[in-house]
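The values are calculated or read from the model by the stated rules, or taken from the named source; none is laboratory data. Everything numeric here is computed off the predicted structure, so don't read it as measured data. No Cβ is skipped: glycine too gets one built from the backbone with ideal geometry, and neighbour counts run over all protein chains shown.
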């Protein structure tokens with residue numbers, strides 16, 4: 001008998017995801033600035049919550065995530081019944097594609113947008129549609145021009161990863177008004193906490209039936225290792241997503257840590273302020289070295305070099321100095337390096353190493 005087991009064709013169009021490097025051969029004092037992690041780690045309350053939670057590890061976690069959803073609702077002034085929690089915001093993105101984008105439905109994302117939009121579309125039988133940006137900024141006109149009767153989802157990250165740029169409320173409203181009636185606008189707010197006073201689209205979700213917001217605990221809250229995210233959506237969409245969500249998708253320690261984290265608003269304010277200080281210093285210092293970047297509203301800068309060759313050579317030099325950043329050729333930015341904002345010492349060490357590199361190539 002001939003075996004002819006094959007996956008869905010779109011699966012084989014997915015390139016394996018490569019995370020940010022975490023080690024350098026022969027280097028012990030490594031500075032990891034490759035994954036946009038909070039250099040200060042999680043809040044103390046989250047660590048304490050995990051310690052308490054280990055005593056309940058023999059019990060299944062709650063299926064409704066009620067305590068975490070209520071904590072999110074309390075802090076952000078939202079309706080807990082319209083919140084869904086997942087394994088990072090990645091899982092919420094996957095639920096959306098699974099529920100709405102199969103059978104060839106088109107999923108729009110921008111040319112420098114988060115890789116998971118395309119991956120989740122292909123994994124669920126959707127058709128990803130890439131649109132251009134305008135100087136590394138989301139172009140609403142280009143998105144609207146790409147929409148048609150097959151469009152099911154439109155993803156934009158605001159602030160965007162890996163560019164760090166964002167668009168204003170008026171442009172978001174214009175986009176939500178302009179997409180086809182069968183389409184959902186998904187506002188990915190993974191880095192929203194780094195923008196003071198920014199609701200990441202929550203008010204738009206409240207007012208409309210075609211907008212969904214996603215958020216994560218992996219960035220400013222420092223819980224990337226536990227993988228917790230959430231989404232806010234109209235109740236009809238939440239009902240659909242909960243039908244495909246696994247009943248025990250989040251562990252008890254993860255739920256406890258996230259609940260403690262979201263309630264620690266002082267921690268978030270301190271991290272946001274320190275990130276802004278170090279980010280602005282690093283961006284200005286790099287610009288003085290002839291390495292420009294767009295104004296970033298997130299916890300990283302996208303350093304632009306004169307060519308892909310120079311960017312790669314600089315990365316190799318940084319690795320030799322025990323500094324790990326992220327090449328972003330896979331995001332159509334081969335001449336750039338994405339550099340996470342670390343603590344002050346990490347930022348100074350990185351700028352010093354890039355200065356050495358530039359001096360050596362002058």
The correct count of residues that are within 23 Å of residue 113 (Cβ to Cβ) and buried (at least 22 other Cβ atoms within 10 Å of the Cβ) in region 278-304 is 10
Within region 15-47, the residues that are buried (at least 16 other Cβ atoms within 10 Å of the Cβ), in a loop (DSSP other than H, G, I, E, B), in contact with a helix residue (DSSP H, G or I) (Cβ under 8 Å, 6 or more places away or on another chain) and modelled with pLDDT of 85 or more are 33, 38, 39, 42, 43
* To do: Check region 313-328 and report whether any residue there is more than 24 Å from the chain's Cα centre (by Cα), farther than 20 Å from residue 352 by Cβ, assigned to a helix (DSSP H, G or I) and free of Cβ contacts under 8 Å to residues at least 60 places away in the same chain.
  => no
Assigned to a helix (DSSP H, G or I) and in contact with a strand residue (DSSP E or B) (Cβ under 8 Å, 6 or more places away or on another chain), is that true of residue 302? no
Is it true that some residue in region 248-270 is without any contact (Cβ under 8 Å) to a residue 12 or more places away in the chain, in a helix (DSSP H, G or I), over 21 Å from the mean Cα position of the chain (by Cα) and over 25 Å from residue 155 (Cβ atoms)? yes
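Quick grid of which residues meet (1) more than 23 Å from the chain's Cα centre (by Cα); (2) within 30 Å of residue 14 (Cα to Cα); (3) in a loop (DSSP other than H, G, I, E, B); (4) in contact (Cβ under 8 Å) with a residue 40 or more places away in the chain:
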| site | (1), (2), (3), (4) |
| --- | --- |
| 52 | yes, no, no, yes |
| 68 | no, no, no, yes |
| 73 | no, no, no, no |
| 92 | no, yes, no, yes |
| 98 | no, yes, no, yes |
| 103 | yes, yes, yes, no |
| 113 | no, yes, yes, yes |
| 119 | no, yes, no, yes |
| 128 | no, yes, no, no |
